[in-house]
Structures are given as structure tokens and as C-alpha cells.
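These notes are about the structure you will find just below.
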Amino acid sequence: MTQTRDQDAHYREAAKVFGPALQRLARATEANAERQRDLLQDMHVALWRSLSRFDGRCSLSTWVYRVAHNTAASHVDRERRRNTGAVALDDAGDLPDSESLSQIVERSDALERLNGWIRGLKTADRQIMTLYLEDLPASDIAEIAGLSPGAVATRISRLKHQLSKDFQEQTHA
């Protein structure tokens with residue numbers, strides 16, 4: 001019973017602190033809004049289940065990010081295997097006033113372009129980039145990804161360069 005209470009307490013803490021990061025990871029991993037919600041739910045379930053094994057040998061943040069990224073990687077693999085090529089249209093919500101519409105569209109377009117670019121990366125690079133965008137230090141990313149901090153810093157540098165190049169090419173195309 002104590003283990004379940006500890007598990008529940010760890011989950012509540014993790015969900016409160018890392019919930020927004022899990023949402024961002026789901027958006028960066030999955031383009032379809034409905035499947036994003038499913039992925040986010042899968043991340044929370046996997047996190048709760050995993051916390052029964054959390055022994056404190058790593059930080060809670062490292063544990064949460066490992067579980068979330070492993071869940072996201074599994075999701076991508078499943079989706080690739082069952083990819084049908086069909087694209088669902090999201091329901092349109094209320095439109096904002098015309099003054100802020102262009103700013104919202106530009107910001108939304110930029111975020112979607114970034115998330116689409118991230119979704120196109122290999123699993124390890126996607127993990128590193130999403131953790132970098134969460135402002136985690138290279139040492140934490142290295143611990144989560146199982147790489148050295150130097151290797152993480154090198155990959156981040158290459159990914160940022162590639163992102164810049166790809167976005168410049170899209171702008172000039």
C-alpha cells in the first residue's frame with residue numbers, strides 16, 4: 001500500500017511539474033490532434049506505471065523524460081507500421097478577432113513547421129532536440145539519452161545548423 005501511495009505521490013508531482021513538457025513532446029511527435037491526445041494519455045499511463053520502479057538512482061526529471069521519450073518513440077514506430085496515408089481534418093474552433101489573427105497564424109505556422117521538422121528526425125535526434133527545446137542542460141540530456149555531454153552538444157549544434165538551413169531553403173523555395 002505504501003508503494004502505491006509513493007507511486008501516486010510521485011506521479012502527481014511529475015504530472016504537475018512536467019505536464020506541459022509532455023504536451024509539447026506529444027505535439028512534436030504527432031501531427032494529428034486526436035492521436036496527440038492519445039499519445040499524451042499513453043505517456044501519463046506509462047509514467048504512472050513506471051513510478052512503481054522509481055528508486056531515486058536518477059532524478060525524477062530524468063526518469064520522466066526517459067519514460068515519455070520511450071513512449072513517444074514506440075508511438076512513432078506503431079504509426080509508421082500502420083501508416084495509411086489518411087489525414088483527418090481537425091474541427092475548426094472559434095476564430096480570434098482579425099487584429100491578432102495574422103500573428104496567431106504566423107506563430108502557429110512557425111510552430112507547426114518546427115514540429116513537422118522535428119517529427120522528420122531520427123528517433124535519437126528527435127529526443128535530443130525536444131529535450132534541448134525544453135531548456136535541459138546537455139548533461140541532463142546526455143543522461144536521458146545515454147550519450148556523453150560532448151556528443152549531445154555536437155548533435156545539438158548540427159541539428160540547429162540543419163534546422164536553420166532547412167528553414168532558409170523553405171523560405172527561398
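Miscellaneous remarks
- Of the residues making up the stretch 1-16, those that are open to solvent by 90 Å² or more (accessible area, probe 1.4 Å) and either in contact (Cβ under 8 Å) with a residue 12 or more places away in the chain or in a helix (DSSP H, G or I) (or both) are Gln3, Arg5, Arg12, Glu13, Lys16.
- Filter result (assigned to a loop (DSSP other than H, G, I, E, B) and open to solvent by less than 20 Å² (accessible area, probe 1.4 Å)) within the stretch 40-57: Leu51
- Test: residue in the stretch 126-139 that is at pLDDT 90 or above, touching a helix residue (DSSP H, G or I) at 6+ places or on another chain (Cβ under 9 Å), farther than 19 Å from Ala21 by Cβ and surrounded by 13 or more Cβ atoms within 10 Å (Cβ to Cβ): no
- Ala72 being of a type in the set (Gly, Ala, Ser), outside any loop (DSSP other than H, G, I, E, B) and open to solvent by less than 10 Å² (accessible area, probe 1.4 Å): yes
- Where a residue in the stretch 30-52 is farther than 17 Å from Ala73 by Cβ and its partner, wherever it lies, is polar (S, T, N, Q) and open to solvent by less than 60 Å² (accessible area, probe 1.4 Å), with Cβ under 6 Å and at least six apart: Leu51/Gln7; Ser52/Gln7
The values are calculated or read from the model by the stated rules, or taken from the named source; none is laboratory data. This structure is a prediction, so every number in the text was calculated from the model and none was measured. Here the Cβ is made from the backbone with ideal geometry for all residues, glycine too, and neighbour counts use every protein chain on show. Heads up: the accessible areas ignore ligands, DNA and RNA and are worked out on the full protein's heavy atoms, side chains in. Shrake-Rupley method; radii C 1.70, N 1.55, O 1.52, S 1.80 Å.
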